[in-house]
1. Please determine, by comparing only the residues of the stretch 4-49 that are farther than 30 Å from Tyr181 by Cβ and in contact (Cβ under 8 Å) with a residue 24 or more places away in the chain, which one is surrounded by the most Cβ atoms within 10 Å (Cβ to Cβ).
2. When you look at Ser139, is it of a type in the set (Gly, Ala, Ser), modelled with pLDDT under 95, over 17 Å from the mean Cα position of the chain (by Cα) and buried (at least 16 other Cβ atoms within 10 Å of the Cβ), yes or no?
3. Can you confirm whether the stretch 155-163 contains a residue that is part of a strand (DSSP E or B), charged (D, E, K, R) and surrounded by fewer than 19 Cβ atoms within 10 Å (Cβ to Cβ)?
4. Quick check: anything in the stretch 39-58 part of a loop (DSSP other than H, G, I, E, B) and more than 26 Å from Ser273 (Cβ to Cβ)?
5. Quick test for you: out of Phe73, Phe77, pick the one residue that is in contact with a strand residue (DSSP E or B) (Cβ under 9 Å, 6 or more places away or on another chain), crowded, with 22+ Cβ neighbours inside 10 Å and touching a residue at least 24 places away in the same chain (Cβ under 8 Å).
6. Kindly establish whether Asn4 is of a type in the set (S, T, N, Q) and more than 16 Å from the chain's Cα centre (by Cα).
7. Being in contact with a Ser or Thr (Cβ under 8 Å, 6 or more places away or on another chain) and within 28 Å of Asn132 (Cβ to Cβ) is the filter; apply it to the stretch 42-57 and report the residue that is modelled with the highest pLDDT.
8. Quick one: is Ser215 assigned to a loop (DSSP other than H, G, I, E, B) and surrounded by 19 or more Cβ atoms within 10 Å (Cβ to Cβ)?
Amino acid sequence: MAGNYMNAPATRLAYDRDGSVGAFYSVAGLMTQLTSSQLRALNSETETGVSLTNQSTVAIVFPVPVNVAAVFFASTFASATWQLSTSTDTTTGLDGTWVIHQSLQNGFRDTKPNYRIATQLWSTLPGTASANVRGVRISCGSNIANAIKALHIYADISTAATVDRLAFWHPTLNEEVSADYFDWGNVPRGSSADRSFRIKNLSTVLTANNVTVYSEALTPGIPSVAGMHTVSSNSGSTFLSSVTITSVLPGAISGPVILRRVIPANSQVSVWSSRIAADVTNWTG
C-alpha cells in the first residue's frame, strides 16, 4: 500500500532499460534520439531531466505493445501547454496514427512529491485508445528551449506482446504481482520489513539462464535507496545486493526470493522510488 500517496494505476515502465527508444522532434520533424543516460534522467525523480533545444515533442516507442493507464510529466516551462498522445502503430514516435488523450495541459510542476499524487497524473482515454500502444508522446505547439524534468509512464504489458520474457510472480498465488505490490507505503526511519515473490518464465519454449535479481534506484539518495534493499534466495539465510537463479525453464516459476528493506536512522525524509530488476544472461531452447 502507498500510505499517504497513491497506489500506482499500473506498472511504472522501466523504459530506460527495456529496449524502448526515445527521441525529441522539432516542429519541422527533425529527430534527436535520446541516449540511455537521458532516458534514465527522464524516468527518474532527480529533476535534472533533459534540455530541449528548439524541440517541440518528446516520444517514447516501446519494444512490445502496452496498455497505458496514465502519464506523469513535469517541465520547467510555465508558459507552454502540452498534449498527451498515443499510437498503436508508430515505429519512430513521429509516424503512425496518434490519438490525443489530454490537450493543452500545463506541465509546469515539481517532480517530487507530485509524481506520487494521483491528481497530478494525466490519465489516458479508456478503451481501445489506450490498449496495445506502441508509442507515447508529449507535444508542444512550437519549438522551445527548456527542460523536461520527468516523464513517467504507467502501463501494463499487453496480452498481444511476446511471452518470451519474465514476470514477477506472487509468492503463493498463481498470478503476477500487482503494480503496487512492492510499494512499502509510509515507512519510519530505523525500520525494516520483508516481502517475498517469485520469478515466472512466461516463454513456452525458451529457458532463462542465470537470472540476476536485484534492486536499483534511478534517484540514488543519500544513503543509497537501492542499498537499503537486499535479496535472498535461500529462505532468508543470507541477504545480498543481488542473487542469481541458475535457470527458469519454459513456463516454470522460481523458488521464493525475499526482498528486505532496512531503512537507516539517518535516511532523508522524502518520497523515494526503487525497482526490482531480473536480468537474463541468455535464453536457450
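1. Phe24
2. In short, yes.
3. yes
4. Among the residues of the stretch 39-58, at least one is part of a loop (DSSP other than H, G, I, E, B) and more than 26 Å from Ser273 (Cβ to Cβ), which makes the answer yes.
5. Phe73
6. yes
7. Step by step, filter the stretch 42-57, then rank; the result is Ser44.
8. Judged against the criteria, Ser215 is not a match.
The values are calculated or read from the model by the stated rules, or taken from the named source; none is laboratory data. In this text, all values refer to a predicted model and were calculated from it rather than measured experimentally. Glycine gets a Cβ as well: all are built from the backbone with ideal geometry, and neighbour counts include every protein chain shown.
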